[in-house]
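Data first, discussion second: the structure below is written as structure tokens.
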Amino acid sequence: MSPSTRARRAARSRRSNPRQRSSLAALALAVLGALLPGTAYLVARQFRLGTVVTLISLTMYGAAAYVGLERRDDVIAWALDPELLLWMVGGLAVAALCWVVVLVTSYKMLRPLTAAPVSRLFGAVVVGLVCFGMASSTALGAQTLMAQRSLVRKVFGNENTKSQTRPTITNTKDVWAQFPRLNILLLGADDGEGRDGTRTDTVMVASIDTKTGDTALISLTRNWMRMPFPEDSPLHRIYPTGFWDPNGPKEQSNFYLDAMYRMVPELHPGVLGPSDNEGADVLKLSVGEALGLKLHYYVQINLAGFEQLVEALGGITVNINYRVPVGGNDDKRIPPNRYLEPGPNRHLNGEDALWFARGRYQVPGADVARQARQRCTIKAIVERATPQNVLTNYQAIAKAGEELIRTDVPDKLLAHLIDLGQKVKSAKISNIDLDKKKNYPNGRDPNYAGMRTIVQNALDPQPKPRPTATATTTRRPTSKPTAKPTTTPTTSDNLAEACAYNPS
């Protein structure tokens, strides 16, 4: 028999018996077969088993592609269902186990029977490493799902939570038909060292057009007094001329806006009825009355934990137009530890971002300046929270969210809010200037009627005539204003311009 004939017969023998492949070729086929489980069985001539496993794999890949491309709303809804998330974790564990079993058995079927001990050891090590990688990626996915489940359960309320100001959702199919404009109260609560209870130094309202995503931010000054209450509220009967002491001194820090969260529940516990966060309910009513808006939900952020969120996002980038103090106390004449120096596109870590949002030591127009920086901070966070960045750092973000966020947003609204959030990212974010010179030269007697007019004209530049005035939108303030209501329409300032680098 000629050498060429013997070579052809040997090749046919190897083709007819896959166990005669080299150890390296068998290992490569088994590992590559893990990309589409079942194909390595077919190469090993286990046609029946290989066909079944391959068809199952193709079906699962196809289903995943279909759901990801065509049913993304359902994916979001599933990600917000704690019980379903638990089932997903179990399903992921089962899938990982099956994946490992297919890889190991595929290699055993393809591995040469006469492989040398060194080749066997090398193959076992490589397969073990691949299995470890598969298990690690699955564990990471399971941890992400559990972080999401924990976030949903701990932060977002359900129907069992108690709130006296949360609206009832009547249209579950088209939620935004019920809320053409969604108004959310944003609270920055500071309960840090040296504080007498919790004070909400940051009080803002985000008014979102649910069709376009255009968002208007309204900042309120922390030392406002005489904050009004709706006429149908029990608090209006207690404070008919606003939240203050008519027999007290001119300056009443315990009756400032930033003290209401703590003081009203302390002075009148249970006045609004059962509530999981009575201070937030009080502020929703009062701030809504002051601005002429119906506030639907609140989101409260613990400023001490705010830096965790910024760190989880990898920091934020802002323009700094003047030196911003880090620390310091004007009342006690304690100077700051350092300053954030001016400059364009300054990347801030969590601690510096917190002080950029709150620093006020000897800053001219401290409260108004701080409000402007807070709006720029929110803008920077929105820009930083890209889908890629959020997914990459999701576990840290979810953990930070558990520690620093309180809200009365119900879990059944989350899927709709995520969809709305995508609109907000690509829409216009603006600021409504409440006109300090005319409406609150100081905080003792702000002109809330004037502010309501500004807000109305900014959100609805050409309002239609309304047959009946409502208490929360058009009635005169309960306290005598210090100036006539502003009637000239005021346009909102674009935050891209307001937050630009302009040190002059």
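The values are calculated or read from the model by the stated rules, or taken from the named source; none is laboratory data. Keep in mind that what you see is a predicted model, and the values were worked out from it rather than measured. Here the Cβ is made from the backbone with ideal geometry for all residues, glycine too, and neighbour counts use every protein chain on show. Keep in mind that these areas ignore ligands, DNA and RNA; they rest on the heavy atoms of the full protein, side chains included. Shrake-Rupley method; radii C 1.70, N 1.55, O 1.52, S 1.80 Å.
Taking the Cα atoms of segment 28-170, the ratio Rg/Rh between the radius of gyration and the Kirkwood radius comes to 1.16. Simple spin-label estimate for N329 and T170 gives 5.1 nm between the two label positions (7 Å along the Cα-to-Cβ direction from each Cα). The phi torsions of segment 89-95, fed into the Karplus equation with coefficients 6.51, -1.76 and 1.60 and a -60° offset, translate into couplings of 4, x, x, 5, 5, 5, 4 Hz, rounded to whole numbers, with Gly and Pro shown as x. Close amide H pairs (under 5 Å, H built 1.01 Å from N) link L36 with no residue at least 5 positions away or on another chain.
So which of K250/K379; K379/K438; K162/K428; K284/K436; K211/K437; K211/K412 end up more than 30 Å apart, counting from Cα to Cα?
Violating the 30 Å Cα-Cα cut-off are K250/K379; K162/K428; K211/K437.
Rolling a 1.4 Å probe over the protein heavy atoms leaves S22 with an accessible area of roughly 70 Å². Roughly how many Å² of L97 are accessible to a 1.4 Å probe, to the nearest 10? The value for L97 is about 110 Å².
Accessible area per residue was computed with a 1.4 Å probe on protein heavy atoms; M88 scores about 60 Å².
For trypsin sites (Lys or Arg not before Pro), the sites in segment 333-381 that DSSP calls loop and that have at most 11 other Cβ atoms within 10 Å are R333.
Applying 1/(1 + (r/R0)^6) with R0 = 30 Å to the Cβ-Cβ distance of N442 and H268, what FRET efficiency is obtained, to the nearest 0.05? After rounding, the FRET efficiency stands at 0.70.
The Rg/Rh ratio for segment 103-157, using Cα coordinates for both the radius of gyration and the Kirkwood hydrodynamic radius, is 1.36.
Basic side chains Lys and Arg get +1 at the Cβ, acidic Asp and Glu get -1 at the Cβ, and with that the dipole of segment 266-386 about its Cα centre reaches some 520 debye. Each residue of segment 212-217 was assigned a 3J(HN,Hα) from its phi angle through the Karplus curve 6.51 cos²θ - 1.76 cosθ + 1.60 (θ = phi - 60°); the sequence is 9, x, 4, 10, 10, 9 Hz, with glycine and proline shown as x. Evaluating 6.51 cos²θ - 1.76 cosθ + 1.60 at θ = phi - 60° for every residue in segment 499-504, the Karplus couplings come out as 9, 6, 7, 8, x, 6 Hz, glycine and proline recorded as x. For the set S286, S275, the ranking by accessible area, highest first and with no ligand, DNA or RNA atoms included, is S275, S286 under a 1.4 Å probe.
Which of the trypsin sites (Lys or Arg not before Pro) found in segment 55-135 are in a DSSP loop and have at most 12 neighbouring Cβ atoms, other than their own, within 10 Å? Before the final figure, lay out each step's value.
Values: sites: R71, R72, K108, R120; in loops: R71.
Filter output for segment 55-135: empty list.
Our note on the geometry: Cα centres of segment 41-109 and segment 321-338, 57 Å apart.
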